[in-house]
Amino acid sequence: MTIIMEEEKNLPFWRDILGHGEEIGRLRKAAAARLLPHALIFTGPEGVGKRKVAFALAATILCSEEDAPCGKCPSCKALAAMSHPDYYELEPEIRGKSTRLIRIDEVRVLRLEAVRRPTLSKSRVMLIDGVNCMNEQAQNSFLKILEEPPEFTRFLLITSRPAALLDG
């Protein structure tokens, strides 16, 4: 029987993710060597675990220990409590009957967050779930920060519809 510490219960660990073994191996290796690109896009059908993998990678990037995520350091504890100062998450807002949309105002806030220096970790992580739900104006604004990102910020983008993204 495994006892899960209180601070670990919301933190994703690589061992908890089923499938994606080859991809996870590459991500973990790149993260350990500090060779992750400034932006990664996770694509695939709904429900295959893109968000879980992206969040585990965010925890790995933000963790201060070598075997990341450890679940015990201040960074892991803050992320598990969803109060990490260097983690920013953006999801589409639902308005009307089911229109999911990320608007320009939300992207402007994200851009301001992305340029802030990290305070608890060595990097900042911006996770955008449903990046395909940005309207054209929001996508154009977001492309500006992607073209010239701060050296300490990593963008993790999640979509099940990559064709809906503007060419950048």
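DSSP finds beta bridges in the chain, and of those with both partners inside it, around 15 percent are antiparallel. With respect to the chain, whose longest principal axis is taken over its alpha-carbon atoms, helix 104-115 is tilted by about 40°.
Placing +1 on each Lys and Arg Cβ and -1 on each Asp and Glu Cβ, with no other charges, gives the chain a dipole about its Cα centre of roughly 60 debye. Every helix of 4 or more DSSP H residues in the chain counts as -39500 (n - 2.57), and over all residues that averages to -10000 deg cm²/dmol at 222 nm. Measuring nothing but how far apart in sequence close Cα pairs (under 8 Å, 6+ apart) lie, relative to its length, the stretch 44-87 scores a relative contact order of 25 percent.
To the nearest ten degrees, helix 21-32 and the longest principal axis of the Cα atoms of the chain are 80 degrees apart. Protection proxy ranking of 118-128, 28-38, 64-74, by the mean of other Cβ atoms within 10 Å over each peptide's residues and highest first, is 118-128, 64-74, 28-38. Among the listed pairs Lys29/Lys144; Lys29/Lys50; Lys52/Lys144; Lys50/Lys144, those whose Cα-Cα separation exceeds 22 Å are Lys29/Lys144; Lys52/Lys144; Lys50/Lys144.
Of all lysines in the structure, the ones whose alpha carbon falls short of 16 Å from that of Lys72, not counting any fewer than 8 places away in one chain, are Lys9. Computed in the context of the full set of protein chains, the accessible area of the stretch 53-92 at 1.4 Å probe radius has 48% of its extent on carbon or sulfur.
With every protein chain present, what is the per residue accessible area of the stretch 109-156 (1.4 Å probe, Å²)? Spell out each step's value before the answer.
Details: 2290 Å² over 48 residues.
Per-residue value: 48 Å².
Helix 50-62 versus the longest principal axis of the chain: what angle, 0 to 90°, nearest 10, using Cα atoms? Computed tilt is about 60 degrees.
The values are calculated or read from the model by the stated rules, or taken from the named source; none is laboratory data. All values reported here derive from a predicted model rather than from experimental measurement. As a convention, Cβ positions derive from the backbone with ideal geometry for all residues, glycine included, and neighbour counts pool all protein chains shown. Surface areas here come from the heavy atoms of the whole protein model, side chains and all, with no ligands, DNA or RNA. Shrake-Rupley method; radii C 1.70, N 1.55, O 1.52, S 1.80 Å.
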